[in-house]
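**Student:** Have a look at this one.
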Amino acid sequence: MTPLRRIAVIGNSLPRRCGIATFTTDLHRAISNSRPSLQACIVAMTDHNQSYDYPASVTLQIKDDTIAEYVRAAAFLNAGRFDIVCLQHEFGIFGGEAGAHILELLSRLTMPVVTTLHTVLAKPTAIQRAVMERIVEASSKVVVMANKGRELLHSVYRVPDDKIEVIAHGIPDFPFVAPDAAKAKLGFSGRSVILTFGLLSPSKGIEVMIDAMPSILKRRPDAVYVVLGATHPNLVRDQGEAYRESLMARVRALGVEDHVVFLDQFVDQDTLLEFISMCDVYVTPYLNEAQMTSGTLAYSFGLGKPVVSTPYWHARELLADGRGVLVPFGDAAGIGNEIAQLLTDDPRRQAMRERAYLASRSMTWERTAERYMTAFGNARQGHRLRVIARAEPDAIAPHGPAGPDMQLGHFLSMCDDTGLFQHAVHSVPDRSHGYCVDDNARALLLACALNEPGEHPLSEIQTTRFAAFVQHAWNPDTRRFRNFMGFNRTWLEDKGSEDSHGRTLWALGECARKDASPSRRRWAAALFAEALAAAATFRSPRAAAFTLLGLDAYCAVAPDDRPARKIRHSLADRLMSGLASVETPDWRWFEQGLAYDNARLPQGLIVTGLATQTPAYVDAGLRTLRWLMTQQTTSTGHFRPVGTAGFGELRTPPRAFDQQPVEATATIAACLTAWRADNNAEWKTIATRVFSWFLGNNDLSVALVDPETGSCRDGLHPDRANENCGGESVVCYLLGLAEIRQLARVNLLPTHPMALRLSGFDPMLTPANRGSLVASHLSEPAGALSASRPHARDRAPVQASD
């Protein structure tokens, strides 16, 4: 393996004032010094509305609340061919709930990641657990600074032992010296100095130490307690200096003003080391046991200082076996007694100093950097093996190549004699939201899909109910389909959205081509022809795409319908115009943003291009679908549908959540349509991998479907699956399953040889000669079997409670 050449450390950086910034800066310096030929840089997290004069070591900064900057940083790191990214993780330094924005960066990286966990929570919230588990999944190695961290990663997060490294917090390599010289320089000669340093905040327990001072002074009247450090910037932002002022008032109330010194400074490392050097006892009276690491504790211990501390996790490990003194949380009397004993017992204090200094020699930054470099090397090796292992995933292996059996139990339970219900509470139909033509059109598409050889068709009665719902949705007065119907069978509107109209046309077109009943095929063709005219004026690109999918089927059975052929070209040209007006090298799409059912747009162009012998449509469809897949595929190779939280955002990478089944179904169908167009087997692999999203190959590793009943949960939240199993979700799952089963059963319908080289996958084929190749092409039916979802404004709200 080639030596490490480039390493990027992601975290806060000096001059930002916080412990993570100090650690990141020190680690970067130590790594840089460990190898003369190594190039190391910092990618700095910048908090909201702040700016810093970063040093040259910071090559990029990320505004913590701006997702686009996380994505930009990933692109920078990938383009820079960094060998390793070392992430410093603390929930509070990244944007999003529980710091979830960092996942947008990690999921796009192509190199191994080694993550240092500065906090490991024993009792995380659901969202904290979800974020932590995904960070661990994205990391080749995780580093903790105490054995308690390893224990929690095992017991709480189920992280395998071989993924965890315990590397102590680094310390400066400072000589073992007496405190007298530093006391003289800093103006504390002749005093017994007790020191606490770090950013001031209520969790540090300074009040307890102040309360202990009167008892210490009784036994050591020359004692002085020095509190070195600025108030935490977040506290200043929210409360000003009220906390510091309350501490000073406490000092005055106890009458110890001459024995407590507040130094409101954020000092550089050299000054800090002088202050530590001058103290006789260092104290960390922290109030929270769940502190995995303390840089102030490590530095003071590393300079050979006697430490009195409360028993938070890091202190309990570092100060064991007589290397320091532990006292109960909030025990002012206990702290006072232990410090007074040390200040009045020079031999004991000196022995504790020597034990601490000797024990800390393995913690110097030089030694720490070597251990990180070893972890980086192991991570590279493990990453290479992991890439090889996932190169050809058999995503649906547990169910065989055809996926699970086609089970319709839940789907049928979601239907009554009117049609398919919109929503469910868990698996129970929710009558309060009634019905919509969107979902019943999807159900009619499913009925058509189940007419394929090898499937069990729906009953005649059930298929007729869906057709009857569509018929009843037609409003001859407005020449549009109505969408929403209450449980009392009363329509809630005179006409639905353009998207719902286009989706209904799609279902009618497929019914005209594939329904088992000749009479119902004739009905569907007649209603399609009557309702098509409205689509000529549609402006929604999804309505255009849905209509094109319907026209592909309708024109196969009504090839002489010239108005239909004219509208087909008009809608396809409208999509092409939208693409031409928006597309740039890094945004190959029809709109300024991504929304729902995105894959239907390229699919509509591809099927139209094949049927009308228009290579430009096919080229545009394949090009945009390839780009869409770059936005919907994580660095570990699994499918991540466009999250609903990003709907409406312009030219920004998609949000990760919420994820919905409709996106997976659309993508499966579009990829198989692309495979029919260019015969590139990669599309089949992608479609199979996308289907595995339903089975648990997703961001949460949670299966959405119950193979026994055929139910499908409504989607993925950042921390859990939505336990409701509504009509749209079950139909989308079954449509996707029908596509995968058809793929496995007959390897799809063969595409005419003249279409095999229409795509840009063939570098020898130029646009100039595509037309001649396709001139005699006779398109096969695309067999679109999938469904779609209306825009959020077209739907009743999904149940909020699971």
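**Student:** Roughly what percent of Cα-Cα pairs across the stretch 493-548 reach past 12 Å?
**Tutor:** Of all Cα-Cα distances in the stretch 493-548, 62 percent exceed 12 Å.
**Student:** Also: Using all alpha carbons of the stretch 432-573, what is the percent of pairwise distances in each 10 Å bin, ordered from the shortest bin to the longest?
**Tutor:** Reading upward from the zero bin: 13, 45, 34, 9, 0.
**Student:** Could you derive backbone 3J(HN,Hα) for the stretch 559-568 from the dihedral phi with the Karplus parameters 6.51, -1.76 and 1.60 (θ = phi - 60°), listing whole Hz in sequence and x where the residue is Gly or Pro?
**Tutor:** Once rounded to whole Hz, the list reads x, 8, 7, 5, x, 5, 5, 5, 5, 4.
**Student:** Same structure, new question: How are the alpha carbon pair distances in the stretch 158-291 distributed across 10 Å bins from zero to the largest one, expressed in percent?
**Tutor:** 10, 36, 33, 14, 5, 1
**Student:** Then there's this: For the chain, what is the mean residue ellipticity at 222 nm derived from helices alone (per DSSP H run of n ≥ 4: -39500 (n - 2.57); sum divided by total residues; nearest 500 deg cm²/dmol)?
**Tutor:** Roughly -14000 deg cm²/dmol at 222 nm, from the helical runs in the chain.
**Student:** Which residues does a label at residue 37 reach in the stretch 76-116, if reach means a backbone N under 17 Å from a point 7 Å past the Cα toward the Cβ?
**Tutor:** From the stretch 76-116, the list is 82-84.
**Student:** What's the ranking of 208-215, 615-622, 535-542, 483-490 by average number of surrounding C-beta atoms within 10 Å, highest first?
**Tutor:** The densest-packed peptide leads the list: 615-622, 208-215, 535-542, 483-490.
**Student:** Can you list the lysines whose alpha carbon is less than 29 Å from that of residue 495, not counting same-chain residues fewer than 8 positions off?
**Tutor:** Reachable lysines: 514, 566.
**Student:** Quick one: which of 123/204; 141/305; 141/684 span more than 29 angstrom between C-alpha atoms?
**Tutor:** Table pairs above 29 Å Cα-Cα are 141/305; 141/684.
**Student:** If you don't mind, there's one more thing I want to ask. Given R₀ = 25 Å, what would the calculated FRET efficiency be for residue 265 paired with residue 349, taking r from the Cβ atoms and rounding to 0.05?
**Tutor:** 0.40
**Student:** In addition: Where Lys and Arg each count +1 and Asp and Glu each count -1, what net charge lies around residue 273 among other residues with Cβ under 13 Å from its Cβ?
**Tutor:** Result for the local shell: -3.
**Student:** Please name whichever of 43, 410, 24 sits farthest to the positive end of the charge dipole of the chain, dipole taken about the Cα centre and charges placed at Cβ: Lys and Arg +1, Asp and Glu -1.
**Tutor:** 43
**Student:** Give me, ordered by chain and number, the residues 5 or more places off residue 143 or on other chains with an amide H under 5 Å from its own placed amide H.
**Tutor:** 115, 116, 117, 165
**Student:** How much of the accessible area of the chain, in percent, comes from carbon and sulfur atoms when a 1.4 Å probe is used?
**Tutor:** Roughly 53 percent of what the probe reaches on the chain is carbon or sulfur.
**Student:** In addition: Provide the gained length on full extension for the span residue 161 to residue 249, in nm with one decimal, where the gain is 0.36 nm per separating residue minus the Cα-Cα distance.
**Tutor:** Contour length minus the Cα-Cα distance gives 26.8 nm.
**Student:** Here's another thing I want to ask about it. If you stretched the chain out fully between residue 494 and residue 744, how much longer would it get, using 0.36 nm times the residue separation minus the C-alpha to C-alpha distance?
**Tutor:** Length gained between residue 494 and residue 744: 85.7 nm.
**Student:** Based on the mean of other beta carbon atoms within 10 Å per residue, what is the order of 425-434, 335-344, most packed first?
**Tutor:** Top of the packing list down: 335-344, 425-434.
**Student:** Now, a different point. Where the centroid of each part is defined by its Cα atoms, how far is the stretch 290-311 from the stretch 139-218 in Å?
**Tutor:** The distance from the Cα centre of the stretch 290-311 to that of the stretch 139-218 comes to 2 Å.
**Student:** Report the one residue of 469, 443, 456 whose Cα lies farthest in the direction of the positive end of the charge dipole of the stretch 427-480 (charges on C-beta: Lys and Arg +1, Asp and Glu -1; origin at the Cα centre).
**Tutor:** 469
**Student:** Could you provide, to the nearest whole Å², the per residue accessible area of the stretch 12-159 with probe 1.4 Å?
**Tutor:** Per residue, the stretch 12-159 has an accessible area of 37 Å².
**Student:** Largest first and to the nearest Å, give the Cα extent of the stretch 85-134 along each principal axis.
**Tutor:** 31, 18, 17
**Student:** What value does the stretch 1-76 have for Rg/Rh, both radii from Cα atoms and Rh as Kirkwood defines it?
**Tutor:** Result: Rg/Rh = 0.99.
**Student:** Between residue 682 and residue 320, what length comes free when the chain is fully extended (0.36 nm per residue of separation minus the Cα-Cα distance, one decimal in nm)?
**Tutor:** Stretched fully, the residue 682-residue 320 segment lengthens by 124.5 nm.
**Student:** Could you do me a favour and compute the accessible area per residue for the stretch 237-389, 1.4 Å probe, result in Å²?
**Tutor:** Each residue of the stretch 237-389 exposes 42 Å² on average to a 1.4 Å probe.
**Student:** Quick check on packing: order 697-704, 709-716 by the mean number of other C-beta atoms within 10 Å, highest mean leading.
**Tutor:** Ranking the peptides 697-704, 709-716 by packing returns 709-716, 697-704.
**Student:** Nearest-5 percent of antiparallel DSSP beta bridges in the chain?
**Tutor:** Beta bridges within the chain, antiparallel portion: roughly 25 percent.
**Student:** Here is a follow-up. Just grab the label-to-label distance for residue 76 and residue 366, each label 7 Å out from Cα along the Cβ direction, in nm (one decimal).
**Tutor:** 3.3 nm
**Student:** How much accessible surface does residue 569 have with a 1.4 Å probe, in Å² rounded to 10?
**Tutor:** 70 Å²
**Student:** What's the magnitude of the charge dipole for the stretch 206-263 around its Cα centre, counting Lys and Arg as +1 and Asp and Glu as -1 at the beta-carbon? Answer in Debye, nearest 20.
**Tutor:** It works out to roughly 180 debye.
**Student:** Let me ask something additional. State, as an integer percentage, the relative contact order of the chain based on alpha-carbon contacts under 8 Å between residues 6 or more apart.
**Tutor:** Reported relative contact order: 10 percent.
**Student:** Taking the C-alpha atoms of the chain, how large are the radius of gyration and the largest Cα-Cα span, Dmax, in Å?
**Tutor:** Answer for the chain, Rg first and Dmax second: 32.9, 106 Å.
**Student:** What's the percent breakdown of Cα-Cα distances in the stretch 47-186 across 5 Å bins, shortest bin first?
**Tutor:** Going out from 0 Å in 5 Å bins, the stretch 47-186 shows 2, 9, 16, 18, 17, 13, 10, 6, 4, 4, 1 percent.
**Student:** Here's another thing I want to ask about it. Please give, to one decimal in nm, the separation of the simple spin-label points placed at residue 381 and residue 176, each 7 Å out from Cα toward the Cβ.
**Tutor:** The modelled label-to-label distance comes out at 3.6 nm.
**Student:** Residue by residue through the stretch 672-684, what is 3J(HN,Hα) from phi via Karplus (6.51 cos²θ - 1.76 cosθ + 1.60, θ = phi - 60°)? Round to whole Hz and write x for glycine and proline.
**Tutor:** Coupling constants for the stretch 672-684: 6, 5, 4, 5, 5, 6, 10, 6, 8, 5, 4, 5, 5 Hz.
**Student:** Return the distance in nm (one decimal) between the two label points of a simple spin-label model at residue 452 and residue 65, each offset 7 Å from Cα along Cα→Cβ.
**Tutor:** It is 4.8 nm.
**Student:** Whole-Hz ³J(HN,Hα) for each residue in the stretch 168-182, computed from phi via Karplus 6.51 cos²θ - 1.76 cosθ + 1.60 with θ = phi - 60°, x for glycine and proline: what do you get?
**Tutor:** Values, residue by residue: 4, 4, x, 9, x, 8, 10, x, 7, 10, 6, x, 4, 4, 5 Hz.
**Student:** In terms of modelled amide H atoms, which long-range or inter-chain residues lie less than 5 Å from the amide H of residue 223?
**Tutor:** Amide H to amide H, under 5 Å and 5 or more residues apart or across chains, residue 223 pairs with 192.
The values are calculated or read from the model by the stated rules, or taken from the named source; none is laboratory data. As the structure is a computational prediction, the values presented were derived from the model and not from experiment. With ideal geometry, Cβ positions are generated from the backbone for all residues, glycine too; neighbour counts draw on all protein chains shown. Accessible surface is based on the protein model in full, side chains and every heavy atom, while ligands, DNA and RNA are left aside. Shrake-Rupley method; radii C 1.70, N 1.55, O 1.52, S 1.80 Å.
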